Amino acid sequence: MLSKKHLLGLEDVQKSDIELILKTAESFKEIMDRDVKKVPTLRGKSIVNLFYEPSTRTRTSFELAGKYLSADTINFTSSASSVRKGETLKDTAKTLEMMGVDAIVIRHSSSGAAKYLSRHVTASVINAGDGTHEHPTQALLDMLTVKEKKGTLSGLKVAIFGDILHSRVARSNIFGFTKMGSEVYVAGPSTLMPPNIEEMGAKPVKTIEEAIEGADVVMALRIQLERQQKGLFPTIREYAKFFGLNKDKLALAKPNAILLHPGPVNRGIELTSEVIDGSQSVINQQVKSGVAVRMAVLYHLIGGSRK
Amino acid sequence: MKKVLKGARVLDPSQKIDGIKDILIVDGHIADIKEEIEISGAEVIDLSGKIVTPGLIDIHAHFREPGYEYKEDIESGSMSAAAGGFTAVACMPNTNPPLDNSALIEYVDMAQAGAVAFSDDGKPVASSSLMRKAMVYAAMFDKVIIDHCEDPTLFEGGQINEGRVSTLLGLAGIPKAAEEIMVARDILLAKEMQTPVHIAHISTKGSVELLRWAKREGVRATCEVTPHHLTLTEEAVLGFDTNAKVNPPLRTQEDIDALLEGLKDGTIDAIATDHAPHHFDEKDLEFDKAAFGMVGLETALGVILTKVVEEKDIPINTVIEKMTIGPAKVLGLELGTLKIGVPADITVIDINKEWTVDKDKFFSKGRNTPFHGFKLKGKAVMTIVDGKVTYSEI
């Protein structure tokens, strides 16, 4: 069991809990390779995917994770629910809870929404991305992918580049990797770098080249193209030129460095097709790790009986 | 009707009085202040061990009437004020409809004379030209403009102070410059037009420095600070506590230190609550959907006496000045004094009374306070308006 009832972010998760989740996820991967991908571990448990933002991979990943463990999973999307009739998050959550759910997986556009929800329900809350705050299962799947490739999560140089300011993926990864003993370098357009990022344990540098130099792990973030209209960078072309990763820039990293991206990728903008499809890319393995990590999180949060 | 308030330490910064004295009230007015008043047939209230000050004035509160009576109304707001030791409150006009014509102001009936000042509080005037005209026009009637300083284009979508905590929580930041740009603008307009301007709820070190410069230059610029900006930092938001969501946002320790310095050296003229009651449902929401603001009337004095006077060693005379004659001068009103002949608006303070803030016991309809559970020392124990006791714990 984890030391906490909810998974709201990696900021307040202990290193030992991260290790436990990753270890469990590794063993769950085996289930995914079976012909019959089902174990009875969470039989009789119910999980609601409460998604207020569009998502394909995270929602599908959580849904399959629950199903592989024999839990009953229900998808709740805001476009086809009473949310459209003006129901508040609190009331929606209470309603779902009265139906007896054990875990609520929430994706929401407001930072802090998962924490807020956790104050109003007794079910376990799993944050599947809250605004620009955290996306802990993404960071866990990134760490699992890295651990499998590198054999360790300590002593690595991790480079994260792109729109750090608006990235919940970056925040969770900064907390996660620094907790496990790695160094996280961050780079992006100065307009998309949050203030005081060093106080979170990250090392901000001016160029992505500086971040990538000698890195073991290179992580690109998705740039939302509408940021350009807000004047945060002049053109998409210029963004791709200075903050996009191509083969030459990736060559600055260690020869055996791996490339991650949380998806979906803007091909030709933050990553060129040659690096996405290149030998260092582990973007597809990340997806598989995602299901395994979510199985592990669900198992540790709602498996067994809680006093 | 005669009343004698006996044996209290009378503290009236407007007359530089600080000593044990008796106060005689006759027909609702201050009739005498001296040692040992003995009058036959007068009601005697023994206040030995207490402090008596001119009635506290809040230059900045929201009573929400008309339009938002579910948040607060004049009755609940007035009770809240009385319980906090306030005898006069200037209500901001961001009501529905806004208090922008005399019929509505008469309806509110806050002061015989009508509006005491004009303000854009809650909706900053972006146009420098419009602000300049407003200042000049109001000055014609000897009224001051109270400006909520915030550049709306820099504020855009902001939730909390831009800095460490906004980065940590992934909440959109409000830069300090959003406030300071407007403070500088208003000071320059007031300087050029030689009109008064009052800057509401300053929150940053930069604003203090701008106002210090303005006063040195002889500009008729005044300003206020709230108890929460003097005592809480952005850290109060950690855990996504919407009760700490306020506009302007809670800043940093560096700003608090500068604000305290501004209180001491006279740069800051008034302490104002910015009492902003909201319904529970407007705060119990996702952080970015929750309303800005916190209630303050019932906690202001206790917070100031505990966290500013006791813990930061700012003299009690200074803070009482900023809560009495200070705001009265900003508004140009004959209030905030115990001068013989004025209406007997009086606050009685028990400086040693220890109490715990309990939002559920507020007279205000608003429960939105970041101070819930705070252990404070010092409280208003009696409030007197026009010689009549409006609140008493004695």
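The values are calculated or read from the model by the stated rules, or taken from the named source; none is laboratory data. Bear in mind that the values here come from a model prediction, so they are computed numbers and not experimental data. Don't worry about glycine lacking a Cβ; one is built from the backbone with ideal geometry, like all the others, and counts go over all protein chains shown. Areas reflect the complete protein model, heavy atoms only, side chains present, ligands, DNA and RNA absent. Shrake-Rupley method; radii C 1.70, N 1.55, O 1.52, S 1.80 Å.
General remarks:
- Selection within region A:5-34: residues that are closer than 16 Å to A:GLY181 by Cβ and crowded, with 17+ Cβ neighbours inside 10 Å. The member of this set that is farthest from the other protein chains (Cβ to nearest Cβ) is A:LEU22.
- Subset of region B:213-248 (residues that are in contact (Cβ under 8 Å) with a residue 24 or more places away in the chain, within 14 Å of chain A (Cβ to nearest Cβ) and either part of a strand (DSSP E or B) or within 19 Å of B:ALA177 (Cβ to Cβ) (or both)): B:GLU234
- Selection status of B:GLU298, part of a loop (DSSP other than H, G, I, E, B), open to solvent by 20 Å² or more (accessible area, probe 1.4 Å) and either within 14 Å of another protein chain (Cβ to nearest Cβ) or in contact with a helix residue (DSSP H, G or I) (Cβ under 9 Å, 6 or more places away or on another chain) (or both): yes
- When region A:106-129 is limited to residues that are in contact (Cβ under 8 Å) with a residue 60 or more places away in the chain and in a strand (DSSP E or B), the one that is farthest from the other protein chains (Cβ to nearest Cβ) turns out to be A:SER124.
- Complete set of residues in region B:15-54 that are open to solvent by less than 40 Å² (accessible area, probe 1.4 Å), closer than 28 Å to B:LYS329 by Cβ and not in a strand (DSSP E or B): B:GLY28, B:LEU47
- Criterion applied to B:LYS379, B:LYS365 was being assigned to a strand (DSSP E or B), touching a residue at least 60 places away in the same chain (Cβ under 8 Å) and touching a helix residue (DSSP H, G or I) at 6+ places or on another chain (Cβ under 6 Å), and the one residue passing it is B:LYS379.
- Residue tally, condition at pLDDT below 80, closer than 29 Å to B:LYS379 by Cα and open to solvent by 20 Å² or more (accessible area, probe 1.4 Å), over region B:77-131: 4
- Residue within region A:250-267 that is among the charged types (D, E, K, R), without any contact (Cβ under 8 Å) to a residue 60 or more places away in the chain and either within 14 Å of chain B (Cβ to nearest Cβ) or within 30 Å of B:GLU162 (Cβ to Cβ) (or both) present: no
- Residue satisfying all of: in region A:145-154; in a loop (DSSP other than H, G, I, E, B) and open to solvent by 30 Å² or more (accessible area, probe 1.4 Å); nearest to the other protein chains (Cβ to nearest Cβ) among these: A:SER154
- As a summary of the residue check, B:GLU261 satisfies the conditions (1) farther than 26 Å from B:VAL219 by Cβ; (2) open to solvent by 20 Å² or more (accessible area, probe 1.4 Å); (3) in contact (Cβ under 8 Å) with a residue 24 or more places away in the chain; (4) of a type outside the set (Val, Ile, Thr) except for the one numbered (1).
- Where a residue in region B:143-160 is outside any strand (DSSP E or B) and its partner, wherever it lies, is among the basic types (Lys, Arg) and open to solvent by 50 Å² or more (accessible area, probe 1.4 Å), with Cβ under 8 Å and at least six apart: B:HIS148/B:LYS123
- Those helices (runs of 4 or more DSSP H) lying entirely in region A:210-307 with at least 1 residues open to solvent by 50 Å² or more (accessible area, probe 1.4 Å) and closer than 26 Å to A:THR73 by Cβ: A:283-302
- Filter result for A:ASP142 (more than 27 Å from A:MET200 (Cβ to Cβ) and either outside any strand (DSSP E or B) or more than 13 Å from chain B (Cβ to nearest Cβ) (or both)): no
- Checking each residue in region B:180-212 for being touching a residue at least 60 places away in the same chain (Cβ under 8 Å), outside any loop (DSSP other than H, G, I, E, B) and open to solvent by less than 10 Å² (accessible area, probe 1.4 Å) picks out B:VAL197, B:HIS198, B:VAL208.
- Looking across region A:155-189, the residues that are within 14 Å of chain B (Cβ to nearest Cβ) and part of a helix (DSSP H, G or I) come down to A:ARG168, A:VAL169, A:ALA170, A:ARG171, A:SER172, A:ASN173, A:ILE174, A:PHE175, A:THR178.
- Region B:272-292: number of residues that are within 22 Å of the chain's Cα centre (by Cα) and either at the interface with chain A (Cβ under 8 Å from one of its Cβ atoms) or open to solvent by 30 Å² or more (accessible area, probe 1.4 Å) (or both): 2
- Against the conditions (1) β-branched (Val, Ile, Thr); (2) touching a helix residue (DSSP H, G or I) at 6+ places or on another chain (Cβ under 7 Å); (3) assigned to a loop (DSSP other than H, G, I, E, B), B:THR318 satisfies every one except (3).
- Test: residue in region B:336-349 that is within 23 Å of B:ALA244 (Cβ to Cβ) and either in contact with a helix residue (DSSP H, G or I) (Cβ under 6 Å, 6 or more places away or on another chain) or open to solvent by 10 Å² or more (accessible area, probe 1.4 Å) (or both): no
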